[in-house]
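**Student:** To start, I am sharing the structure in question, which I have written as structure tokens.
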Amino acid sequence: MTSNLDLALAASGQRYLNLELDLRHEERGEPARSQAFRDAATSHTDPIGRLLAQVVLDWGGSRTEDYKAALAFLDYIPLRFKRTALGFPRPSGVEWYLTEHFANRVVELLALRLVQDAGWPNWKVVGIISYLETHKKPSTTAALIRFAIETKQDEWRQFALEAIRAFNDPDLQEKVMFEIARARKHGLTVPRTVSELVD
């Protein structure tokens, strides 16, 4: 299981989504597999690994319907706005709908997808970051830090950094240092604005 989880962590876009689905099917297997996911949710060395394990567990638990409904909304809403004058959903409307209908119950799923999925349009990226900022759950801080390091869009990075600062996460320094070390290990340039989170 751990190797499959690590494969998913290293993937993005459709490959990631396929691997996440495989993990969800694995978790529904014998109780030993569920225990392995519970262990990974608390002890995986990568915070996004812990987040992924928790999301997989949540898919098989009480949040299944919320997760399905939130993702269905995000698939449907651009189709609804396609023929309007604006042509796309407003990020503030996305944040409002998610908060109104799901409170903070889908923050972990959407933080994980923000980091692991790919090719999102502006309205979706900004809407999800706004949603995460509204609910300020420390379980999503690492995902926002990783996103801020890896995104090529300066504006998106700025939105993510503003959300992180609004969290007042007591473990922020530790999380930033982990993400900086990870990025350097993978040969990624760490933007100065991310490093400044711990200055």
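**Student:** Along segment 150-159, what does the Karplus equation 6.51 cos²θ - 1.76 cosθ + 1.60 (θ = phi - 60°) give for ³J(HN,Hα), rounded to whole Hz, x for Gly and Pro?
**Tutor:** 8, 5, 8, 8, 4, 5, 5, 4, 4, 4
**Student:** What list of ³J(HN,Hα) couplings, whole Hz, do you get for segment 53-69 from phi and the Karplus terms 6.51, -1.76, 1.60, once you set θ to phi - 60° and write x for glycine and proline?
**Tutor:** Once rounded to whole Hz, the list reads 4, 5, 5, 4, 4, 5, 4, x, x, 6, 9, 3, 5, 4, 4, 4, 5.
**Student:** Using a 10 Å cut-off around each Cβ, can you sort Tyr16, Tyr131 from fewest to most neighbouring Cβ atoms? It would help to have the intermediate numbers written out before the result.
**Tutor:** On the way: Tyr16 21, Tyr131 26.
Taking fewest neighbouring Cβ atoms as first place, the list is Tyr16, Tyr131.
**Student:** For the chain, set up a Gaussian network in which alpha carbons nearer than 10 Å are linked by springs, and say which option among Leu132, Leu109, Leu17 fluctuates the most.
**Tutor:** Taking springs between Cα atoms under 10 Å, the residue moving most is Leu17.
**Student:** Highest GNM mean-square fluctuation, the chain, Cα pairs closer than 10 Å: which of Gly49, Gly127, Gly119?
**Tutor:** Gly119
**Student:** Further, regarding this structure: For the chain, set up a GNM with springs between Cα atoms under 10 Å and report which of Thr134, Thr42, Thr99 has the largest fluctuation.
**Tutor:** So, out of Thr134, Thr42, Thr99, the one fluctuating most is Thr42.
**Student:** Now a separate question. Given Lys152/Lys175; Lys82/Lys137; Lys124/Lys152; Lys82/Lys136, which pairs have Cα atoms separated by over 27 Å?
**Tutor:** From the list (Lys152/Lys175; Lys82/Lys137; Lys124/Lys152; Lys82/Lys136), the Cα-Cα distance tops 27 Å for Lys82/Lys137; Lys82/Lys136.
**Student:** So what is the relative contact order for the chain, in percent, with contacts set as C-alpha pairs under 8 Å and at least six apart? Kindly include the intermediate steps, with their values, before the conclusion.
**Tutor:** On the way: 222 pairs, mean separation 32.8, N = 199.
Result for the chain is 16 percent.
**Student:** Next question. Please state the charge dipole magnitude for the chain, taken about the Cα centre, from unit charges on C-beta atoms (+1 on K and R, -1 on D and E), reported in debye and rounded to the nearest 20.
**Tutor:** On the way: 26 positive and 27 negative charges, 96 e Å.
Charge dipole of the chain: 460 debye, to the nearest 20.
**Student:** Still on this structure: Go through Trp156, Gly127, Pro78 and say which Cα lies farthest out towards the positive end of the charge dipole of segment 72-199; charges sit on Cβ, +1 for Lys and Arg, -1 for Asp and Glu.
**Tutor:** Farthest towards the positive pole: Pro78.
**Student:** So for the chain, taking the charge dipole from beta-carbon charges (+1 Lys/Arg, -1 Asp/Glu), which of Val55, Phe147, Ala36 sits furthest toward the positive end?
**Tutor:** Of the candidates, Phe147 comes out farthest on the positive side.
**Student:** Arrange Asp75, Asp169, Asp39 by Cβ neighbour counts within 10 Å, fewest through most, would you?
**Tutor:** Neighbour counts put them in this order, fewest first: Asp75, Asp39, Asp169.
**Student:** Let me ask you something else. Could you give me the ³J(HN,Hα) list for segment 111-125, computed from phi with Karplus coefficients 6.51, -1.76, 1.60 and θ = phi - 60°, whole Hz, x at Gly and Pro?
**Tutor:** For segment 111-125, the Karplus curve yields 5, 5, 5, 4, 7, 9, 7, 8, x, 6, x, 4, 4, 6, 4 Hz.
No value in this document is a laboratory result; all are computed from the given coordinates. Since the structure is predicted, the reported quantities are computational estimates derived from the model, not experimental observations. Heads up, the Cβs are rebuilt from the backbone with ideal geometry, glycines too, and the neighbour counts pull from every protein chain shown.
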